[in-house]
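To start, the structure under review is shown below, and the notes come after it.
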Ligand code: UDP
């Protein structure tokens, strides 16, 4: 079965392609290569194109007889979305609408969508369950929230069946070191902490040390990218085997780790000091985001494997060194 992967040359998209291929699917990557890398597409063809180009999407869907879509392509920097909401609304909303229209036109009726815990906003209760109110506090989270709704509405109106996967913090790299995280510019905590450990000229900015948390820094739930990838395959299988219209699942480990604890783990694994500069809070950041993922475990049969934060960081360190 052929699956269209928008953003297949990106970080989570490429790891999911590997997992799909391992399960007998052919992942067809569709990526404009603005943030993605052609070297990351190893398990199926790469078609260069923009998701805003509905006609080209229709052509690719027909060419490969695509049966399902996994939609990763999006701008995904929380901080940038606050300073450049224009490009976030343009790319994430118009692009997703274009993709859904292409699906409608070609009769593709299954989609797995890359959503985020940023759709919840500041948590009212921890850990966060799927029925927690969605009140995003930054434009990135808001665009993902609206796309979830779009997908649901296309479901009711046109029969497009969906699973929205709300990731917490994706981290780490392929355990065989074939692919890994490579953003330009890099803004994420773990790769920047590793870069600071390996190259002392690049001090790590710590965004806020006055949060109401155990050590004053933000707490996140880090989930290994290969475990995210396996959840996508399980979601696709659920779409194939069950007859539900739309579902949403959290994907996290349920363990909160602070920025300070990430730094300590990076120092332990690399045996290098991480030079830090403590600064202001970053706009759009919630103090604590931790998942309750019991529903994805129960209903999808998801069972994350690389759950220890040191093991997650070790895989990222191996990739960075390479
Ligand atoms: N963070 C930080 N310094 C950095 C990058 C991130 O202190 O250079 C913090 C950020 O404020 C957040 C956490 O690390 O609390 C994780 O941020 P990241 O950008 O990795 O992921 P996000 O939570 O935005 O998806």
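Quick notes
- Scan of the range 110-155 for residues that are farther than 23 Å from residue 87 by Cα, within 16 Å of the ligand (Cβ to nearest atom) and either surrounded by fewer than 22 Cβ atoms within 10 Å (Cβ to Cβ) or at pLDDT below 95 (or both), ordered by number: 122, 123, 126, 127
- Failed condition for residue 261, given (1) in contact with a strand residue (DSSP E or B) (Cβ under 7 Å, 6 or more places away or on another chain); (2) within 18 Å of residue 168 (Cα to Cα): (1)
- Residues of the range 130-153 that turn out to be in a loop (DSSP other than H, G, I, E, B), out of contact with any strand residue (DSSP E or B) (no Cβ under 7 Å at 6 or more places or on another chain) and in contact (Cβ under 8 Å) with a residue 12 or more places away in the chain, as a count: 7
- Qualifying residue in the range 279-290 (condition: assigned to a strand (DSSP E or B) and within 12 Å of the ligand (Cβ to nearest atom)): yes
- Some residue of the range 174-191 being without any contact (Cβ under 8 Å) to a residue 60 or more places away in the chain and more than 9 Å from the ligand (Cβ to nearest atom): yes
- Residues (part of a loop (DSSP other than H, G, I, E, B) and surrounded by 21 or more Cβ atoms within 10 Å (Cβ to Cβ)) located in the range 47-106: 51, 66, 72, 73, 74, 76
- Residues located in the range 210-224, provided they are crowded, with 23+ Cβ neighbours inside 10 Å and more than 12 Å from the ligand (Cβ to nearest atom): 224
- Residue 284 being at positive phi and in contact (Cβ under 8 Å) with a residue 12 or more places away in the chain: yes
The values are calculated or read from the model by the stated rules, or taken from the named source; none is laboratory data. Everything numeric here is computed off the predicted structure, so don't read it as measured data. Positions of Cβ are generated from backbone atoms using ideal geometry, with glycine treated the same way; all protein chains shown enter the neighbour counts.
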